[in-house]
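Please read the structure below before turning to the comments.
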Amino acid sequence: MIGIVFLVVLPVFLVMAAGYAATRSGVFSSSAVDGLMVFTQNFAIPCLLFRALVDLDLGAVFDPRLLASFYVGAVTCFVLGIIGARLAFGRRPGEAVAIGFGALFSNSVLLGLPIMERAYGTGSLSPTFAIISIHAPFCYLVGIATMEVARADGRGMADTLRAVARAMFRNALMIGLMLGFVVNLGDIPLPGPLRDALDMMANAALPAALFGLGGILTRYAIRASLAEAGMIAALSLILHPGIAFALSAGVFGLPDGFVRSAVVTAAMAPGVNTYVFASLYGRGQAQAASAILLATGLSVLTVSAWLAILGGAG
């Protein structure tokens, strides 16, 4: 079963590997990677998220039990990452929070969506979009609040939260999500040509983003922080989806589609935002970069195993 599921997941990682190889060999330049990521992050993926939110049955998929299944696991891994960084590796409080953030922030869009689509089809994505719609705001608020409490230098929490709020309201992904909610809740019809244009942009989003993500990974390296990266990978790839599975299937008894969305999204490697957060505070950048690279490589195996446990892939 794992072998069959591996073949379902493999194309996603092959597209990413193609981007990595093309960039590493110089065939695809670093500036081209930046341009591709600008296109996907600022245009194509916002169109994808907007279209998904417009068509989403909000009452059906915004189930508190689904969100709890994912986010209880995320926060648990965040706390354990901080504790592990402090006690096992002797990191200072600010560094420990940056390391814990790696176990909090899953790569839910660039990896989670294409893997769910490959495994269970486009119709399976609605609960995943419900999780994604609050993912970045939730993770950044938790991470920033904890960092400001943990560190003794820098500006105050209120100033930092205001700065991040301004940045998030200028973020194209957040704008796409917010506009999708407005159109959905306002029951605003979309003209046919506009919807067709959105479809064209959205259909280009995930393959281009995966190729670009491969290029981005060439900028990171696994250095001396391999043990800490391994801890983050274990929390992200094993514990988080394990908690999501236990809560969604065992405690809440959610439908199979909800369980799959919670577990698969939780099983993703840390996203690039992990490094962005570490760079924002100048703490834990090496650990964040190592964790992104190590966990993304390992996830081709761990995600296949989780899909085999969930069943029905392909």
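The values are calculated or read from the model by the stated rules, or taken from the named source; none is laboratory data. None of the values given here were measured: they were computed from a predicted structure. Cβ atoms come from the backbone with ideal geometry, glycine included; neighbour counts cover every protein chain shown.
Data table
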quantity	calculated
Any hit, the range 251-261, residues being in contact with a helix residue (DSSP H, G or I) (Cβ under 8 Å, 6 or more places away or on another chain), crowded, with 24+ Cβ neighbours inside 10 Å, among the β-branched types (Val, Ile, Thr) and not in a loop (DSSP other than H, G, I, E, B)	no
Residue count for the range 19-68, restricted to those that are surrounded by fewer than 16 Cβ atoms within 10 Å (Cβ to Cβ), outside any helix (DSSP H, G or I) and modelled with pLDDT of 90 or more	3
Selected residue [without any contact (Cβ under 8 Å) to a residue 12 or more places away in the chain, among the hydrophobic types (A, V, I, L, M, F, W, C) and either crowded, with 18+ Cβ neighbours inside 10 Å or assigned to a helix (DSSP H, G or I) (or both)] from 264, 276	276
Residue tally, condition aliphatic (A, V, I, L, M) and over 15 Å from the mean Cα position of the chain (by Cα), over the range 103-141	2
Scan of the range 79-96 for residues that are crowded, with 24+ Cβ neighbours inside 10 Å and over 18 Å from the mean Cα position of the chain (by Cα), ordered by number	85, 95, 96
Any hit, the range 225-234, residues being surrounded by 14 or more Cβ atoms within 10 Å (Cβ to Cβ), in contact with a Gly (Cβ under 9 Å, 6 or more places away or on another chain) and at pLDDT below 85	yes
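Results for (1) of a type in the set (A, V, I, L, M, F, W, C); (2) touching a residue at least 40 places away in the same chain (Cβ under 8 Å), shown as yes or no for each residue.
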| residue | (1), (2) |
| --- | --- |
| 53 | yes, yes |
| 72 | yes, yes |
| 78 | yes, yes |
| 83 | yes, no |
| 91 | no, yes |
| 107 | no, yes |
| 113 | yes, yes |
| 118 | no, yes |
